[in-house]
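Colleague: Got a structure for you, questions after.
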Amino acid sequence: MEVNTPLWQQLLATATVVVDVRTGISGTAAIEKVRPELRAGVQALAFHVWRNLGRAEALREQLVKRLPPPFSDALLCIGLALAWRASDAPYDTFTLVNQTVEAAKRNPASKEQAGFLNACLRRFLRERDALVARTDTNPVARWNHPAWWIEQIQHDHPQHWQNILSAANQHAPLTLRINLRKTNVQAYQSMLAAAGLEASTSTRISTSTQEAITLNRAIPVQRIPGFEQGLVSVQDAAAQMAAPLLLAGLQQQDMHILDACAAPGGKTGHLLELVNGLVNGTVTALEIDAKRTEKIAQNLTRLGLKAQVLTADASRPQDWWDGKLFDAVLLDAPCTASGIVRRHPDVRWLRRPSDITHLTEVQARMLQALWRVLRPGGRLLYCTCSVFLAEGSNQVRAFLDRMPDAILQPSPGHLLPHGGLRQENMSDNQIHNHDGFYYALLQKRKT
C-alpha cells in the first residue's frame with residue numbers, strides 16, 4: 001500500500017469496488033478501474049472485505065434497522081469487515097473507524113450519512129464481543145459465503161464441505177509451472193535460492209504435476225526469476241494437470257490439438273511445451289473475447305511458442321472449423337469459478353443460484369459441439385474450476401447418457417481445495433494446497 005496515500009482514499013476506492021460487485025461487475029473488472037497508484041492497496045483491502053463480508057453484513061443487521069444507501073452501506077460493511085477481528089485487522093481498529101468516517105465525509109454519496117456511520121462503528125467498538133457472539137450462529141457470518149452457496153456445498157460434498165468453505169477464505173499460494181523445455185525443477189530452485197527466494201514442491205498432487213513449484217512467499221510476477229524469459233509460468237497445481245492428462249499415451253506424429261476456451265493461455269502454453277517435446281503437433285487456441293485473446297498471444301510470445309489463436313465461440317464450429325478433425329480437445333469450460341474463490345473472493349458474492357443452471361447449459365452445448373470436431377479414437381478432456389457437482393460429474397454423466405460413442409477414461413474427478421480427491425471409487429483424502437477443479441477424460445469410440 002502506498003505510504004503517502006491517506007487510508008480514507010483507499011477506503012473510498014474500495015467502497016466503489018464493493019458497490020460495483022454488488023451490482024454484478026466482477027471484482028477483477030472493478031479493480032482495474034481504480035487509479036494505478038491506488039490499485040494494489042485497494043485490491044488488498046477489497047480481498048479482505050470479501051473474505052469477511054458475511055460476518056460484516058450479519059453485524060450490520062445488529063446495528064441498523066434499515067439499510068443505508070448503497071455507497072454508505074458499502075463503507076459500513078467495509079469498516080466492519082476490516083475491524084471485526086482485531087487479530088488480523090490490517091490497521092488499528094480505531095484508525096479504521098476514523099478513516100472510514102473520513103471517507104464518508106469526502107464523498108457526496110455518503111456525506112450526509114457520515115454521522116450515522118460514525119455512531120454505528122463506535123457502537124461496534126464498544127460492544128464488539130457481544131455483537132460478534134450474536135452472529136456466531138449465523139452460517140453466513142461463520143463461513144463468509146451466501147446461504148445458498150453453503151447449502152450447495154453441503155449437498156454436493158457432505159463429508160468435506162467445511163474444509164472447502166474454510167479453504168476458500170485462505171490466501172492462495174503462488175505456484176509456478178517449470179518449462180521443462182528450458183530448465184528443470186532442481187536448476188530453477190537453485191536460481192530461486194540465488195535470488196534469496198525459497199520454494200517447495202509439496203503442491204504436487206500427481207505425477208501429472210511434476211513441474212509444479214510453490215514460492216514460500218508471494219512476490220510480484222515481474223520479480224519472479226526467469227519469468228520474462230519463459231522459464232516458468234504462474235499456474236495452480238490443479239490446473240497443471242490438464243495438458244499431461246490430455247496428452248498421456250498419445251504418441252502419433254502431427255497431432256492436431258484444440259484448446260477450446262484458452263485464455264489467458266496457461267494451458268495452451270503447457271500443451272505446446274509438452275507436444276514440442278514429444279511429437280510434432282499443432283495447437284489451435286480459441287477464445288470468444290478479443291481482449292482475452294490478446295493475453296493468449298502475449299503469453300505464447302513470452303514462452304517463445306506458436307499456436308493458431310482465433311477469436312471465436314467454441315460452441316459454434318461452423319464459424320471457425322476448417323473440417324479437419326482434431327486428435328485431442330481440451331475444454332476448460334466456462335463455470336461458476338467456485339473452485340478458485342480463494343484467488344477471486346468476490347465470486348461468491350457475485351454469483352446467483354441461477355448462474356449454475358445457465359452455465360451448465362453452456363457447458364452441455366460446448367461438449368456437444370466439440371464432440372463433432374474430434375476424430376474417432378481421439379480424446380476430449382472436460383474440466384472446470386468448480387466444486388459444484390452440476391458442473392462436474394453430473395454434467396459428464398448426462399453427456400455419457402446422450403453420447404453412446406463416448407467412453408469415460410480413468411480421470412481425477414473432483415479435486416477439492418484442502419480436501420484432496422473426491423471420486424466415486426476413490427478414498428484418497430490427502431490435503432493438498434491447490435484450487436478446486438474437475439477433470440473427466442472422454443474417448444471417442446473408433447467406428
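Colleague: So ASP319 passes all but one of these: (1) at pLDDT 95 or above; (2) crowded, with 16+ Cβ neighbours inside 10 Å; (3) not polar (S, T, N, Q). Which condition number does it fail?
Modeller: Single failed check for ASP319: (2).
Colleague: Among the residues of the range 324-335, are any more than 16 Å from PHE399 (Cα to Cα) and free of Cβ contacts under 8 Å to residues at least 60 places away in the same chain?
Modeller: Yes, some residue in the range 324-335 is more than 16 Å from PHE399 (Cα to Cα) and free of Cβ contacts under 8 Å to residues at least 60 places away in the same chain.
Colleague: Tell me which residues, restricted to the range 291-305, are farther than 15 Å from LYS267 by Cβ and β-branched (Val, Ile, Thr).
Modeller: Matches in the range 291-305: THR301 only.
Colleague: Further, regarding this structure: Output the residues belonging to the range 330-378 that are crowded, with 18+ Cβ neighbours inside 10 Å, of a type in the set (Lys, Arg) and part of a helix (DSSP H, G or I).
Modeller: Scanning the range 330-378 gives a single hit, ARG348.
Colleague: Now for a different question. Does VAL101 satisfy being crowded, with 21+ Cβ neighbours inside 10 Å and either under 18 Å from THR16 (Cβ atoms) or not assigned by TED's automatic domain parsing to the domain that holds ARG351 (or both)?
Modeller: Answer is yes for this residue.
Colleague: How about the range 80-92: which of its residues are touching a helix residue (DSSP H, G or I) at 6+ places or on another chain (Cβ under 6 Å) and within 16 Å of ARG60 (Cβ to Cβ)?
Modeller: Within the range 80-92, LEU80, ALA81, LEU82, ALA83, TRP84 qualify.
Colleague: Taking the range 166-198, which residues are hydroxyl-bearing (Ser, Thr, Tyr) and in a loop (DSSP other than H, G, I, E, B)?
Modeller: THR183
Colleague: Show me the strands (runs of 3 or more DSSP E) found entirely inside the range 209-295 where at least 1 residues are farther than 30 Å from ALA194 by Cβ and assigned by TED's automatic domain parsing to the domain that holds THR384.
Modeller: Hits in the range 209-295: 255-259, 281-287.
Colleague: What tally of residues in the range 228-249 results from selecting those that are without any contact (Cβ under 8 Å) to a residue 60 or more places away in the chain and in contact with a strand residue (DSSP E or B) (Cβ under 8 Å, 6 or more places away or on another chain)?
Modeller: Qualifying residue count for the region: 2.
Colleague: Answer yes or no as to whether VAL309 is assigned by TED's automatic domain parsing to the domain that holds MET255, modelled with pLDDT of 95 or more, over 21 Å from ARG181 (Cα atoms) and crowded, with 24+ Cβ neighbours inside 10 Å. Steps first, please.
Modeller: On the way: assigned by TED's automatic domain parsing to the domain that holds MET255: yes; modelled with pLDDT of 95 or more: yes; over 21 Å from ARG181 (Cα atoms): yes; crowded, with 24+ Cβ neighbours inside 10 Å: no.
Here the answer is no, as VAL309 does not meet what is asked.
Colleague: Answer yes or no as to whether ASP327 is acidic (Asp, Glu), assigned to a loop (DSSP other than H, G, I, E, B) and closer than 25 Å to ALA364 by Cα.
Modeller: So ASP327 fails the test.
Colleague: In the range 44-55, is there at least one residue being over 19 Å from PHE94 (Cβ atoms) and either without any contact (Cβ under 8 Å) to a residue 40 or more places away in the chain or among the acidic types (Asp, Glu) (or both)?
Modeller: Among the residues of the range 44-55, not one is over 19 Å from PHE94 (Cβ atoms) and either without any contact (Cβ under 8 Å) to a residue 40 or more places away in the chain or among the acidic types (Asp, Glu) (or both), which makes the answer no.
Colleague: OK, next. Only residues that are under 25 Å from SER200 (Cβ atoms) and either surrounded by fewer than 16 Cβ atoms within 10 Å (Cβ to Cβ) or aliphatic (A, V, I, L, M) (or both): list them for the range 137-164, please.
Modeller: ILE164
Colleague: Here's something else I'd like to know. Please count how many residues of the range 2-47 are on the phi > 0 side of the Ramachandran plot and outside the structural domain of ALA89 (by TED's automatic domain parsing). Working first, answer last.
Modeller: We begin by selecting, within the range 2-47, every residue on the phi > 0 side of the Ramachandran plot; these are 24.
Remaining after also requiring outside the structural domain of ALA89 (by TED's automatic domain parsing): none.
Summing the residues that are on the phi > 0 side of the Ramachandran plot and outside the structural domain of ALA89 (by TED's automatic domain parsing) in the range 2-47 gives 0.
Colleague: Shifting gears a bit: Among (1) in contact with a helix residue (DSSP H, G or I) (Cβ under 8 Å, 6 or more places away or on another chain); (2) charged (D, E, K, R); (3) not in a loop (DSSP other than H, G, I, E, B), which single condition is ARG397 missing?
Modeller: Result: ARG397 fails condition (1) only.
Colleague: Give me the residue from the range 52-81 that is assigned to a helix (DSSP H, G or I) and polar (S, T, N, Q) and, out of that set, surrounded by the fewest Cβ atoms within 10 Å (Cβ to Cβ).
Modeller: GLN62
Colleague: Hey, another quick one. Listed residues ASN184, ASN144, ASN216; which is modelled with pLDDT of 90 or more, out of contact with any Ser or Thr (no Cβ under 7 Å at 6 or more places or on another chain) and closer than 25 Å to PRO417 by Cα?
Modeller: After ruling out the rest, the residue left standing is ASN144.
Colleague: Next question, about the same structure. Tell me which residues, restricted to the range 331-372, are among the hydrophobic types (A, V, I, L, M, F, W, C) and either farther than 21 Å from HIS270 by Cβ or touching a Lys or Arg at 6+ places or on another chain (Cβ under 6 Å) (or both).
Modeller: VAL341, VAL347, TRP349, LEU350, ILE356, LEU359, VAL362, ALA364, LEU367, ALA369, TRP371
Colleague: Determine whether ARG35 is farther than 23 Å from TRP84 by Cβ, within 23 Å of the chain's Cα centre (by Cα) and without any contact (Cβ under 8 Å) to a residue 24 or more places away in the chain.
Modeller: So ARG35 fails the test.
Colleague: For ILE407, all conditions in the list (1) assigned to a strand (DSSP E or B); (2) of a type in the set (Val, Ile, Thr); (3) at pLDDT below 95 hold save one; what is the number of the exception?
Modeller: Only one criterion is unmet by ILE407, namely (3).
The values are calculated or read from the model by the stated rules, or taken from the named source; none is laboratory data. Since we're looking at a predicted model, the values are computed, not measured. Neighbour counts run over all protein chains shown; Cβ positions are idealised from the backbone, glycine included.
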